[in-house]
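See structure below.
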Amino acid sequence: FLKRWRRFAPKIAGEVEHDVPIARPSKILAIGRNFADHARELGNETEAEPVFFAKLPESMVAHGAPIRIPRGAGRVDHEAELALVIARDARRIGEAKAFSYVAGYTCMNDVTAREQQAGDKKKGHPWLRAKSFDTFCPVGPYFVPVDDVLDPLERALVGLGDQAHLDEPQVRVGVDEP
């Protein structure tokens, strides 16, 4: 079957249109400056505590959808992220129970208007504007249930053009893993 499928896969691939793999979330929360190399690349210090930021749910689009860069946005960067999909309301849960709230995983592209972000940071403002333009949060194409992933924290997602692969373990700084 697999050999036959491979013959048709290139013909089918161009015809597939993805949708977001999860329903619209109530919020999109993320942690910034948690990888030392990336923090240094942007000229930032790593933090002793997690730096949380949000993206508006309206910024979410399906895998493969065009990213619309607003006029005057300046430099725009993207970062491949592993997104945890939370199964139910979670408040004040202990570290030992944290992963019991995870339904599964998907890929997320964290798109950022860097000049907007730098200007907001200088003013002491949050990163919300720079990260939440419409289309600045592509997700998917697939949702993977938690039971199908052995250890998501041991790998980092690395994007290569239209391809992505799992890289070697990455060092996380300033963030205790749940």
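Taken together, the values in this text are just the output of simple stated rules run on the coordinates, not laboratory data. Small disclaimer: the values here were computed from a predicted structure and weren't measured. Cβ atoms come from the backbone with ideal geometry, glycine included; neighbour counts cover every protein chain shown.
Annotations
- Calculated FRET value between residue 52 and residue 17, using beta carbons and R₀ = 45 Å, to 0.05: 0.85
- Cβ-defined net charge surrounding residue 128, 9 Å radius [Lys, Arg +1; Asp, Glu -1]: +2
- Between the beta carbons of residue 62 and residue 129, assuming R0 = 22 Å, the FRET efficiency works out to 0.45 to the nearest 0.05.
- Gain upon complete extension [residue 89, residue 27; 0.36 nm per residue less C-alpha separation]: 21.2 nm
- The Kirkwood radius of region 58-108, taken over pairs of alpha-carbon atoms, gives through the Stokes-Einstein law at 4 °C and 1.567 mPa s a diffusion coefficient of 93 µm² s⁻¹.
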